[in-house]
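Below is one structure, written out as C-alpha cells; the observations come after it.
The values are calculated or read from the model by the stated rules, or taken from the named source; none is laboratory data. Please read these numbers as outputs of a predicted model, since none were measured by experiment. Using ideal geometry, Cβ is built from the backbone for each residue, glycine included, and neighbour counts are taken over all protein chains shown.
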Amino acid sequence: MPNLLIELFSEEIPARLQGRAADDLAKLMTEALTKGGLTVGATRTLSGPRRIVFMADDVPAQSAATVEERKGPRTSAPAKALEGFVKAAGLTSIDEAQVVKDPKGDYYLARSEKPGRAAADIIAEAVPEIIRKFPWPKSMRWGNGRLRWIRPLHSILCLFDDKPVVFEVDGIRSGDITHGHRFLSGKNATQPKVVKVDRISGYADALLHAKVVVAGEHRAKAILEGAHNAASDAGLALVEDHGLLAENAGLVEWPVVLSGQFEESFLDVPEEILMTSMKAHQKCFSLRSAKTGKLANRFILVSNLEAVDGGKAIVAGNERVIRARLSDAKFFWENDRKRPLEGLTALLGQVTFHEKQGTQLARVERIKALARELAPIVGADPDDAERAAHLAKADLMSETVGEFPELQGIIGRYIALAQGEKPAVADAIAEHYKPQGPSDAVPTNPVSVAVALADKLDMLVGFWAIDEKPTGSKDPFALRRAALGVIRIVLENGLRSQLAALLSFALESIKPHEIANRARLAAAEKFRAEHPSATTITGMDADFVIHRNFGDGRRVDHRALDLLEFFADRLKVYLRDQGARHDLIDAVFALPGQDDLLMVVRRVEALGRFLETDDGKSLLALVRRALNILRIEEKKDARAFDGEPAAKLLKEKEEKALASAVKAVGKDVRAALATEDFEAALAALAKLRAPVDAFFDKVTVNADAADIRENRLTLLAQIRALTLDIADFSKIEG
C-alpha cells in the first residue's frame, strides 16, 4: 500500500519544542486519517531546526465504502412522521425504505451506501486544519497573513504514493518541494537550494545532498562521535551531557564539531561554574584530562557550517565570547567567596517564599528544627544537621546562583568549605536538593539525609497547611516530586521512622498568615462536624489544629494523615514502577499505624512473594471466602462477631481442628511479627490452608441453631483478625 510524507518547513524552531511538535503532528495526522476511514501502518517522525516531518506506511489509496442505517417510524405511523423520516434520510419516497419485521410492530429502515473517498482528498482536507490549529505553546503571525505558527512557515511538502497532494494554507501551496541547508546548499541565506522530492524513500538522501541531516538521532550520533574524536586527538576525555547533546542536535542541520580553548587562569574557579557557563551561554561541551580527571581549559563546540578556513574564525569567535563569559563568572565567584554564609542567610529574610508561608528565612528556621528532630533517626549529629540546614539556602542570595540558578547548593558547598565549615555540613548544603529526578542519586551522608528530608517534608507540610495540594495534572510546586524524593531517601537508605509523627511535628512549626488561619479554622470546624467522635481541636490565637486517632494509640494532626495518604499514592507509583501490585500496598496501608515506609515496603514485598506460591493463592481464596461470609452476615445481623469461639459449641471435628490451628498459628504469627519477620509470619499463616479448606468442605457455617451459627462466624472472625495482623486481605484482588 502507498506511503505518506508530510514536511512542514519554517524558520528556526526552538530545540526544546521540536520533538514534542513532531509527536503532536503524528498524533493529529493519525487521528485525522483514522477518522477519515483510513488505516495507518507504521509511523515515524523526524525533526530539526527548520522542519517537522511525519511519515506513515501502508495507507490505503481510498477509504472503504460504508453503509449507514437509519431507523424510522413504525409502518403505522402518521403521514407527517413518515414525511419527516423521508426528508431526514434523504429519500425521495417512503417506498425506498426497507420494512423490518418486529414482534412489537414493523418499522421502516433507510439504508444508504457511502462510497469510499480518495486518500489524497482526505489528506488535503486534514493537513490544513491541523496546521491552523497546531498546539504550539506560543505562536506568531507574520506579514499580512492570519496563520499562526511557532516561526514563519515557508513551505509544505506532502507526498502520497510518491505523488504531490495539493492544497493551500494561507497562501502557502503544498507540493513536492522542500529546501536544503540555509548556507551550504544555495547561493545565500535567502536562496537555499530548492530540493524536489520525487520519491518518499529518497527524501532523506535528497536532503543529505543539500547538506541537511534530517534525522535528529543521526545528527546527535555525528556530534557525539566527532566530540569524542576531537577530545581523543587532544589527549582529553569528553564530559558527556545528553541534554546538551540533544540541544545541539536541535540547533544544527549539518553538524561540524570544532575545538577551542580558554586561559588556564580560569581553572581556579570551581569547575561546575565554568562548565555551566560554557553550556548555558555557548552550548559547548567541557573536556577533562584523561589522566587526572581534572577539567581542562578546552571545549567542544558544534557549528552549522563547513567554513572555508576550517572553522578557525568560528572557533576564535567562540573563544572571545567564552572568555568574556568566564570573566563574568569568575567575578561573581570571587565576590561570593568573600561574603560570609551567615550574612547571606540573613538576607533570606528579605525574600518571600510564599505569601501565606512567610519568608525564605522563616522556612530555614522550620527546616533547622525538623533536621535536628530527624538527626537521631538517620544517625546524624544534631548540631551538624541544624548547622547545615541553617546555611543550606544561603547561596540563593549569591551572585553566582543569581546568574546560574542550577548551581544552587553547589556554590554554597564551595563557600562553606572555603569558610571552614565541616565537610559533612558543606556536603549537606550541596546534596539537600537531591534527588531532583528519577535518575538522580539520593544522599547517603547522614547529615545530608537529615537536611534533604527536612527540606522536602517542610515543602509538603507547608503547602498542605494552606491547602495548596496537587490537583489532577497540576502540581505547580512539584509536591509529587518532593514526596517521591522522601520515599526514595527513606527506602534506599533503609531508614525506620514514624512518618505521621514527623509530619505532625513539621506542621506545628507552620504559622500561616491570618488569611490562611481563617480558612484553616473553617476547614477545622467542618471536619469536626463530620467526625464528632474522632476529633478534637486544640490551639490558641486562631491557630487551630484537629487531632485524630492514628489507630495505634497515637493522636496526630489530621493534615498529617491526609498527607500520609498522599505518600501512599506516591509509594504506589514508585512500587508499581518496580513491578509491585498496587492492591498489596492498599492491603498494608489499610492496617492501623502504617507510617513506617520501609516496613510497609517489606510487608508488600513479602506478601507479593507469598501470593505467588500455591499456598498463598489457595489461602487467599479461602480467606476471601471467609471475609465475604462475615461481611454478609454481619450486615444482616447489624453486629460484628468478635471474641473467642466457645469450645463447647464446636461440634464437628473440622471446626475443632480449625479452632486449634488458629490458636497455634496465632502464636507463631505474633512471634514472627514481633521480630518483623514477615516471611515467617506468612509461612505460619499458610498452615491454615488445610484446616480452613476442610472446614468449608465439611461444615455449614449458617447452621439452623443460632448459637452454633454465631460460634462458627466468630471462628471465621478470628481468621480475619489473624490476617489483619499482616494485611487487610479484603483489599487484595483475587
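Side notes on the structure shown:
- Residue selected from region 354-371 under the condition aliphatic (A, V, I, L, M) and out of contact with any His (no Cβ under 7 Å at 6 or more places or on another chain), by the criterion farthest from Glu508 (Cα to Cα): Leu361
- Pick from region 460-483, criterion touching a Lys or Arg at 6+ places or on another chain (Cβ under 7 Å) and in a loop (DSSP other than H, G, I, E, B), ranking: surrounded by the fewest Cβ atoms within 10 Å (Cβ to Cβ): Pro470
- From the options Ile314, Ile322, residue that is in contact with a strand residue (DSSP E or B) (Cβ under 8 Å, 6 or more places away or on another chain) and either crowded, with 19+ Cβ neighbours inside 10 Å or not assigned by TED's automatic domain parsing to the domain that holds Phe262 (or both): Ile322
- Asp697 over 18 Å from Lys635 (Cβ atoms), part of a helix (DSSP H, G or I) and in contact with an Asp or Glu (Cβ under 8 Å, 6 or more places away or on another chain): yes
- Residue within region 314-337 that is among the basic types (Lys, Arg) and without any contact (Cβ under 8 Å) to a residue 40 or more places away in the chain present: yes
- Put simply, of Gly84, Gly72, Gly41, Gly48 the only residue that is in contact (Cβ under 8 Å) with a residue 12 or more places away in the chain, among the small types (Gly, Ala, Ser) and outside the structural domain of Glu168 (by TED's automatic domain parsing) is Gly72.
- Evaluation of Val556 against (1) part of a strand (DSSP E or B); (2) modelled with pLDDT under 60 (one fails), failing number: (2)
- Only one of Arg182, Arg132, Arg219 that is farther than 22 Å from Pro2 by Cβ, crowded, with 20+ Cβ neighbours inside 10 Å, out of contact with any strand residue (DSSP E or B) (no Cβ under 6 Å at 6 or more places or on another chain) and modelled with pLDDT of 95 or more: Arg219
- Taking region 381-459 and the helices (runs of 4 or more DSSP H) fully enclosed by it, no element has 3 or more residues that are surrounded by 23 or more Cβ atoms within 10 Å (Cβ to Cβ) and in contact with a strand residue (DSSP E or B) (Cβ under 6 Å, 6 or more places away or on another chain).
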